[in-house]
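The values are calculated or read from the model by the stated rules, or taken from the named source; none is laboratory data. For clarity, every value in this text was computed on a predicted model and none was experimentally measured. Neighbour counts are summed over all protein chains in view; Cβ atoms, including those assigned to glycine, are modelled from backbone coordinates with ideal geometry.
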Amino acid sequence: MENSKSLTYKILLHKEPEGAYTVNVPALPGCITYGNNIDHAIEMAREAIELYISELKETGKEIPDDSATFEYSLHLIDA
């Protein structure tokens, strides 16, 4: 890949009632995919991200990146 650089993306996996996973890529609006299990969901996310970035490049749009984004989960107890 010419002029390639490393890009980082956070992905959110949501377990569905039937056991599969929906994946959302917050940095790429509308980039959502699905996998039968966690490994498949991650594989599908990689493919979806690559396609999304390819489309951004083709249209000359800026490519967002999560490398400066930090993540923290807050756990609250419902009282």
Scope the stretch 39-73; condition within 15 Å of the chain's Cα centre (by Cα) and of a type in the set (D, E); matching residues: D39, E43, E47, E50, D65, D66, E71
Number of the condition not met by V23 [criteria: (1) loosely packed, with under 14 Cβ neighbours inside 10 Å; (2) touching a helix residue (DSSP H, G or I) at 6+ places or on another chain (Cβ under 6 Å)]: (1)
Matching residues in the stretch 28-50 - criterion: being of a type in the set (D, E), free of Cβ contacts under 8 Å to residues at least 12 places away in the same chain and closer than 23 Å to D65 by Cβ: E43, E50
Which numbered condition A79 misses (of (1) modelled with pLDDT of 95 or more; (2) hydrophobic (A, V, I, L, M, F, W, C); (3) loosely packed, with under 15 Cβ neighbours inside 10 Å): (1)
Inter-residue pairs, beta-carbon under 9 Å, first farther than 13 Å from A41 by Cβ and in the stretch 10-27, second buried (at least 17 other Cβ atoms within 10 Å of the Cβ) and among the aromatic types (F, W, Y), 6+ apart: P26/Y9; A27/Y9
